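Colleague: For reference, the structure I am asking about is given below.
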Amino acid sequence: MAKYLVTGVAGFIGRSIAAALLARGETVRGIDSFITGKRSNLIGLEAMEFIEGDLADPAACAKACAGVEIVFHEAALASVPRSVADPVGTNVNCVDATLNLLVAARDAGVRRIVYAGSSSAYGDTPTLPKDESMLPNPISPYAVAKLAGEHYMRVFALVYGLETVVLRYFNVFGPHQDPTSHYSGVLAIFCRRMLAGEQPAIYGDGEQSRDFTYIDNVVQANLLAAAAPAEKVSGQMMNLATGVRITLNQTFEILCELTGYKGKPAYAESRAGDIKDSLADISMARNLLGYEPIVDFREGLRRTVEWYGTQSAEA
Ligand code: UD1
């Protein structure tokens, strides 16, 4: 019987958490519907019990939660523009799915759920860095959906005594992130294109900034959130980032060095639902979890480029 459940395990964050748990010798179950997850992300996770299922289906949630102690809830349709194109689909796969999972977890006697929140909850307010006391101001259907999940987490801790911890992720990147969709994260797209010698597109003037967070930092924080004392973390929401922001133009320059790309970016129209700047205050995660970023942006990008390089070499 698995102790841990990872939802969205065929996505890049879910598979990275599952791999870290397996490396520690833990028993792990994973679930994925393959709406955006990739079967190739399950390579290396053979020791895990896998369920193909959709959290929008309550029966799949019940099956996934049976006998589990701790859940990492990473499943989502993780894209702002996708939610602009299909707000109902985002709601079903983020809000309905999260509520179904919470109900199933409560009924199965799960002890704790660690939830992947999103920095998009802060919206486009000018104050930087963003800290957790700020009022949320979502400006895309995706941000609304991820924020609704946060509220459900807090309320299930309050009303049903389920231990819940929300980590508000800031632009996570790293190996295994899907670079093939136009809904993919910008760094995955840039790495793939620039390694192939293809011109990347920057939407807007490239002066928008993000607190890009390397995957190893996210995995570390999740493991800390699973182990932290309930009286300290249950019902809490905290930022998960590196506390450093970088513009897309700067990112492009670093990627030119790392990939050997010699061209210029193509500047295109800004994207609907986009925010200008994003930067986290990470003192709450430091205080409550003992979290400290272990891999900085540049090193993370170097490792990421290296990984995409091996992928294209194999393709
Ligand atoms: C948002 C959320 C993040 C969430 C993610 C899910 C914020 C601050 N962040 O990220 O928490 O996990 O959605 O997808 O709201 N861009 C280009 N060229 C491209 C692709 C993107 O210039 O080819 C630009 C976008 O217009 C945007 C920036 O790069 O300005 C980052 O885009 P993306 O990687 O999609 O992430 P966010 O939308 O910032």
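Colleague: Mind checking the angle between helix 186-195 and the chain's longest principal axis? C-alpha axes, 0 to 90 degrees, to the nearest 10.
Modeller: For 186-195 against the chain, the angle is about 50 degrees.
Colleague: Using the alpha-carbon centroid of each, what span in Å lies between region 114-158 and region 7-77?
Modeller: 23 Å
Colleague: Restricting everything to alpha-carbon atoms, can you work out Rg to Rh for the chain with a Kirkwood hydrodynamic radius? Spell out each step's value before the answer.
Modeller: Values: Rg = 18.5 Å, Rh = 19.5 Å.
Taking Rh as the inverse mean 1/r over Cα pairs, Rg/Rh reads 0.95.
Colleague: Based on alpha-carbon centroids, what's the gap between region 175-237 and region 267-315 in Å, whole number please?
Modeller: So the two Cα centres are separated by 4 Å.
Colleague: Now for a different question. Over the chain, with a Gaussian network built from C-alpha contacts below 10 Å, which listed residue (ALA227, ALA105, ALA78) shows the highest mean-square fluctuation?
Modeller: ALA227
Colleague: Label VAL84 and TYR160 with points 7 Å out from Cα along Cα→Cβ: what is the distance between them in nm?
Modeller: That separation, rounded to one decimal, is 3.5 nm.
Colleague: Beyond 19 Å, what share of the Cα-Cα pairs of region 185-264 is found? Please give it as a whole percent. Walk me through the intermediate numbers first.
Modeller: Working: 1600 of 3160 pairs.
For region 185-264, the share of Cα pairs beyond 19 Å comes to 51 percent.
Colleague: All other residues with a Cβ under 12 Å from the Cβ of ALA230 taken together, and with Lys, Arg as +1 and Asp, Glu as -1, what is their net charge? Before the final figure, lay out each step's value.
Modeller: Details: positive: ARG111, ARG112, LYS232; negative: GLU163, GLU231.
Spelling it out: positives minus negatives among the neighbours equals +1.
Colleague: Round to a whole number: what % of the accessible area of the chain belongs to carbon and sulfur, probe 1.4 Å?
Modeller: The computed percentage sits at 53.
Colleague: Please compute, over every Cα-Cα pair in region 1-52, the percentage with a separation greater than 13 angstrom. Please report the intermediate quantities before stating the final value.
Modeller: Working: 597 of 1326 pairs.
Value for region 1-52: 45 percent of Cα pairs lie more than 13 Å apart.
Colleague: Using the Cα centre of region 14-105 as the reference point, and only Cβ charges (+1 on K/R, -1 on D/E), how large is the resulting charge dipole? Debye, rounded to the nearest 20.
Modeller: Numbers: 7 positive and 11 negative charges, 43 e Å.
My answer is approximately 200 debye.
Colleague: Computed from the mean reciprocal separation of all distinct C-alpha pairs, what Kirkwood hydrodynamic radius does region 230-277 have, in Å? Before the final figure, lay out the partial values.
Modeller: Values: mean 1/r = 0.0683 Å⁻¹.
Final number for the Kirkwood radius of region 230-277 is 14.6 Å.
Colleague: Next question, about the same structure. Compute the long axis of helix 215-227 from its Cα atoms, compare it with the longest principal axis of the Cα atoms of the chain, and write down the angle in degrees, 0 to 90, nearest 10.
Modeller: That works out to roughly 20 degrees.
Colleague: Over the chain, what is the relative contact order in percent, taking alpha-carbon pairs closer than 8 angstrom and at least six residues apart? Intermediate results must be reported in sequence, preceding the final value.
Modeller: Working: 656 pairs, mean separation 54.6, N = 315.
So the answer I get is 17 percent.
Colleague: Now a separate question. Show log10 I(q)/I(0) for region 224-315 at q = 0.10, 0.12, 0.23 Å⁻¹, two decimals, from a solvent-free Debye sum over equal Cα scatterers.
Modeller: -0.44, -0.61, -1.17
Colleague: On a 0 to 90 degree scale, rounded to 10, what angle separates helix 248-259 from the longest Cα axis of the chain?
Modeller: Helix 248-259 sits at roughly 80 degrees to that axis.
Colleague: Select from GLU46, GLU69, GLU253 the residue whose mean-square fluctuation is largest in a Gaussian network model of the chain (Cα-Cα springs shorter than 10 Å).
Modeller: Comparing GLU46, GLU69, GLU253 in a Gaussian network model of the chain, the most mobile one is GLU46.
Colleague: Under unit Cβ charges (Lys, Arg +1; Asp, Glu -1), what dipole magnitude, rounded to 20 debye, does the chain have relative to its Cα centre?
Modeller: Dipole size: approximately 180 debye.
Colleague: Hey, another quick one. Report, largest value first, the span of the C-alpha coordinates of region 155-292 along each principal axis, in whole Å.
Modeller: For region 155-292, the Cα spread along each principal axis is 54, 28, 25 Å.
Colleague: Rounded to the nearest whole Å², what accessible area per residue is found for region 121-259 with the 1.4 Å probe? Walk me through the intermediate numbers first.
Modeller: Numbers: 5450 Å² over 139 residues.
Solvent-accessible surface per residue comes out at 39 Å².
Colleague: Which is farthest toward the positive dipole end of region 67-132 among ALA105, ASN93, SER120, measuring Cα position about the Cα centre, with Cβ charges +1 (Lys, Arg) and -1 (Asp, Glu)?
Modeller: Projecting each Cα onto the dipole axis, the largest value belongs to ALA105.
Colleague: How are the C-alpha pair distances of region 255-296 spread across 10 Å bins, as whole percents from the shortest bin up?
Modeller: Per 10 Å bin, starting at zero, the Cα-Cα P(r) for region 255-296 comes out as 18, 24, 31, 23, 4 percent.
Colleague: Okay, next question. Mean 1/r over all different Cα pairs, inverted: what Kirkwood radius does region 1-139 give, in Å? All intermediate terms of the calculation are to be shown ahead of the outcome.
Modeller: On the way: mean 1/r = 0.0639 Å⁻¹.
Evaluated over region 1-139, this radius sits at 15.7 Å.
Colleague: Can you list, largest first and rounded to whole Å, the semi-axes you get for region 79-118 by taking the square root of 5 times each eigenvalue of its Cα gyration tensor? Mind dumping the intermediate values first?
Modeller: Values: eigenvalues 127, 25, 3 Å².
They are 25, 11, 4 Å, listed from largest to smallest.
Colleague: Zone of ILE35 (label point 7 Å along Cα→Cβ, backbone N under 19 Å): which residues in region 123-162?
Modeller: 140-153
The values are calculated or read from the model by the stated rules, or taken from the named source; none is laboratory data. Just so we're clear, the structure is a prediction, and the values are computed from it rather than from any experiment. Cβ: placed from backbone, ideal geometry, glycine included. Neighbour counts: every protein chain shown. Remember, those area values only see protein heavy atoms, side chains included, never the ligands or the DNA or RNA. Shrake-Rupley method; radii C 1.70, N 1.55, O 1.52, S 1.80 Å.
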